[in-house]
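Structure first, then comments.
The values are calculated or read from the model by the stated rules, or taken from the named source; none is laboratory data. As the structure is a computational prediction, the values presented were derived from the model and not from experiment. Note: ideal-geometry Cβ built from the backbone for every residue, glycine included; neighbour counts use all protein chains shown. Calculation scope for accessible area: heavy atoms of the full protein, side chains included, ligands and nucleic acids excluded. Shrake-Rupley method; radii C 1.70, N 1.55, O 1.52, S 1.80 Å.
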Amino acid sequence: VAAQTLGIPQSQVEVGHPDTALDLPFSGVNAQRTTMQMGTAVQNTCENLKVELTFLASQVRGGKPEEWKVAEGRLWRAENRFSFSDIILLLGDNALVKAIGYYSVPRTEKGSAFSAMDHWAPSAGIAEVEVNRETGEIRLLQFSVVADAGKALHYISAKSQVEGGSVMGIGHALFEDLVYENGQLQNADPFQYRLPVLKDMPESLFSSMLENEDGPGPFGSKGMSQTSIVTVAPAIGNAVYDAVGVRIRSLPITPEKILRGMGKLGSGRSGHD
């Protein structure tokens, strides 16, 4: 974000290590809000830095600040161009130019379920399954997901987030379950807590990102790192209903729950309505 806003190579941007004794008080951001909140703050900082640089250029090279502009990683006045260092070095050997930027979360109604939410992060998923009517076993044949990224700031890692989220969602939908008895967790080890493995993956797993550059983040971006997780279970649940007419309303969607829903097992905790 900083490199593109300033028009310089990424190799010229150095991210410093935070020091709570020196830096601004900041509680931090996490999850997909980082793109929106920290990314916007970085972009805002760089825009402020550009203003500061044009002001300094007018001081040491003449002219008015509005006669100067930052473009292509250079300072320009008419057809004359200068590197940032050309201007800063004229200020003295120990010159340091600073800029501060911020991002403020829009105010929402107090107590609202969407308080501190600055944008939606939508996605869509579709699943094709086979269900064995005798055993209740589910086989996921195909899964596709599209995440609305607005603009992918780093395409490879963003697309990998979408694909990784889909795999996590498959585990959430079909396998992962915390079992308690008398207040004690009974399956807190890798042999009993079932996670998806390679053989559980569908033969066809398709992922894509919608990039309309219509988000509120830098360059039209949106937070999208978790969007692909939440579509998996509903898509698989709807596919199971389409296949055998049983609506499962709790996760994971297990063969036992399907058989109970079909009336092939006795009464018990069914996990469906």
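If the Cβ limit is 6 Å and pairs must be 6+ apart or interchain, which residue in the stretch 157-186 that is under 25 Å from MET224 (Cβ atoms) and open to solvent by 60 Å² or more (accessible area, probe 1.4 Å) pairs with which residue that is among the small types (Gly, Ala, Ser) and not in a helix (DSSP H, G or I)? What qualifies is GLN161/SER225; GLU163/SER207.
Return the residue satisfying two criteria in turn: it lies in the stretch 220-244 and is open to solvent by 30 Å² or more (accessible area, probe 1.4 Å) and modelled with pLDDT under 95, and of such residues it is farthest from the chain's Cα centre (by Cα).
At the first step, the residues of the stretch 220-244 found to be open to solvent by 30 Å² or more (accessible area, probe 1.4 Å) are 226, 229-230, 234, 238, 241-243.
Then keep just the ones that are modelled with pLDDT under 95; that gives 226, 229-230.
Numbers: GLN226: 5, ILE229: 11, VAL230: 13 Å.
Taking the candidates together, the pick is VAL230.
Against the list (1) open to solvent by 40 Å² or more (accessible area, probe 1.4 Å); (2) closer than 16 Å to THR5 by Cβ; (3) at pLDDT 90 or above, the condition MET38 fails is (3).
Annotation note: Cβ proximity below 6 Å between a residue of the stretch 56-78 that is open to solvent by 30 Å² or more (accessible area, probe 1.4 Å) and a residue that is among the polar types (S, T, N, Q) and part of a helix (DSSP H, G or I) (sequence gap 6+ or interchain) occurs for LYS64/SER58; PRO65/THR54; PRO65/SER58.
Candidates in the stretch 187-207 are the residues that are open to solvent by 40 Å² or more (accessible area, probe 1.4 Å) and under 25 Å from the mean Cα position of the chain (by Cα); of these, the one that is nearest to PRO122 (Cα to Cα) is PHE206.
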